[in-house]
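What follows is a single structure, written as structure tokens, with notes after it.
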Amino acid sequence: MTLKTGMQLLLAALAVGLLAGPAAAQKFPNGDVRIMVGYAPGGGTDAMARLMAGRLQARQGVNFVVENRPGALGQIAGQFVSKQVADGKLLMVTASSPVLISPHIQMLFNPIKELTPVSLLVRFPGVLVVLPDSPIKSMEEAIAQARREPGKLTFGTSGTGSMNHLSIELVKKLAGVDLTHVPFQGSGPAMTALLGRHVDMVIAAIQDVAPKVRAGQVRALGVDSAERSPVLPDVRAIREAGFPEFGMSNWIGVFAPPGMSDELTMQVRNAFVDALQTGEIQNYLKNDGLTSAGTTPQDFRQEIVREFDKMGALIRPLNLKP
């Protein structure tokens, strides 16, 4: 073997070692990884968790098991996770309501102090809709009618204390109008009530609403995100109706028990973001109107703290009961 050949082999071996190090660091601990979901099977958060688990299992070579622990406005799962060891083998995928809203109504655990934010995975707006033959054709017209007839207009949601409920409460606060809330046990019953003309408006997640908008069954007045949705690009953001400070934090994210090390948190985050970019998940998000985010743990924590305080200020005067 010549000196030149020996040096080439040595450099190649070093390169393989350097490349293998970071790749190995992304792997989860050996053994099953449990993913808690605070909702019953079949909902949007559960579907997202199961889709992510499948992609993670294929790419990590570790078994991922989704466990549903519904109850207490989504807090049962969070309370359980907050008491576990932060070793990467137990995680939680949840929507924003159990973290930002539910604790202000009945705090079973403190999400700021008793969870480790890993990554905000996807964002999705709520959409306010009316029937196609409704005389209300815009947010401005809805607000004008609410001012003429305080309390007469009704809006349905998936339940008291949901992010969609708080979205319209914020509209009421900013516009200084009175609308009557009619809570249902899910977006499906709320939409059925609208189609049956039992409520005037409904606000629901875009994945539940967009197919009905495209089919002409309902007309969209606005989305509650800061920007318009690429799924319904012709539908204005509610803030365009004269509320520049308006914007809700609808998302699905992943959390770990408290005290997880920064290194392990980043390993878990990178694995989830890697799975999030796969074609299967990107197609799912595109079809349902969700936008991938994949934030860093630090950015996710900052958003949680900011929105937690914002939701608290909105909820306290409402005196909502669990």
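The values are calculated or read from the model by the stated rules, or taken from the named source; none is laboratory data. Treat the numbers as computed from the prediction; the structure is a model and nothing was measured. Cβ placement follows ideal geometry from the backbone for every residue including glycine, while neighbour counts extend to all protein chains displayed.
A few comments on the model shown:
- Hits in the range 143-167 (condition: touching a strand residue (DSSP E or B) at 6+ places or on another chain (Cβ under 6 Å) and at pLDDT 95 or above): Gly151, Thr154, Phe155, Gly156
- Among (1) touching a Lys or Arg at 6+ places or on another chain (Cβ under 7 Å); (2) assigned to a loop (DSSP other than H, G, I, E, B); (3) among the aliphatic types (A, V, I, L, M), the one test that Val129 misses: (2)
- Any hit, the range 233-253, residues being within 16 Å of the chain's Cα centre (by Cα), aromatic (Phe, Trp, Tyr) and surrounded by 16 or more Cβ atoms within 10 Å (Cβ to Cβ): yes
- Considering residues of the range 275-322 that are among the polar types (S, T, N, Q) and in contact (Cβ under 8 Å) with a residue 40 or more places away in the chain only, the residue surrounded by the most Cβ atoms within 10 Å (Cβ to Cβ): Thr295
- In the condition set (1) aliphatic (A, V, I, L, M); (2) surrounded by fewer than 17 Cβ atoms within 10 Å (Cβ to Cβ); (3) free of Cβ contacts under 8 Å to residues at least 60 places away in the same chain; (4) not in a strand (DSSP E or B), Val85 is compliant with all but (3).
- Considering residues of the range 176-192 that are at pLDDT 95 or above and among the aliphatic types (A, V, I, L, M) only, the residue farthest from the chain's Cα centre (by Cα): Val177
- Picking from residues in the range 88-104 that are out of contact with any Asp or Glu (no Cβ under 8 Å at 6 or more places or on another chain) and part of a helix (DSSP H, G or I), the one that is surrounded by the fewest Cβ atoms within 10 Å (Cβ to Cβ) is His104.
- Every residue from the range 191-211 that is farther than 12 Å from Val130 by Cα and in contact with a strand residue (DSSP E or B) (Cβ under 8 Å, 6 or more places away or on another chain): Ala205, Ile206, Ala210
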